[in-house]
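Inspection log for the structure reproduced underneath, given as structure tokens.
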Amino acid sequence: MRRLRHRLRARQEARRQAQSEPPKDVVVATFQDSGSAYVAAGSLEAAGIEAFVREVSRSIAYPSTSGPVQVLVRAEDEDAARRYLISPP
């Protein structure tokens, strides 16, 4: 009976943590132009991997200055996304 209670408490705690923590995104590729980043993100989306594009400004004083453009995916999709970007089918 003790083991069952312990398991139940552990499951409930895991559910609480999963609900309270936002999903983490990781950078899988960085490009110098937004066009290439959007093409890569579109390819990942077509493969069933949710992808996001984030443009990083190089300067706070001149935010319109373009900087590196990153492609992000959910942490759980990182390995699949990297494999797909290296050698798409």
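Any read-out appearing in this document is the output of simple, stated calculations on the displayed coordinates, not a laboratory observation. The structure presented is a predicted model; accordingly, all values stated were derived computationally and were not measured. Glycine gets a Cβ as well: all are built from the backbone with ideal geometry, and neighbour counts include every protein chain shown.
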If I stretch the segment between A80 and V56 completely, what's the gain in nm (0.36 nm per residue apart, minus their alpha carbon distance), one decimal? 6.2 nm
Neighbour counts of other C-beta atoms within 10 Å: give me E78, E13, E50 arranged from fewest to most. E13, E50, E78
Using amide H atoms built in the peptide plane, which far-off residues or other-chain residues are under 5 Å from A29 H to H? V71
Report, by chain and number, residues whose modeled amide H sits under 5 Å from the one on G67, excluding near sequence neighbours (fewer than 5 apart, same chain). V56, R58
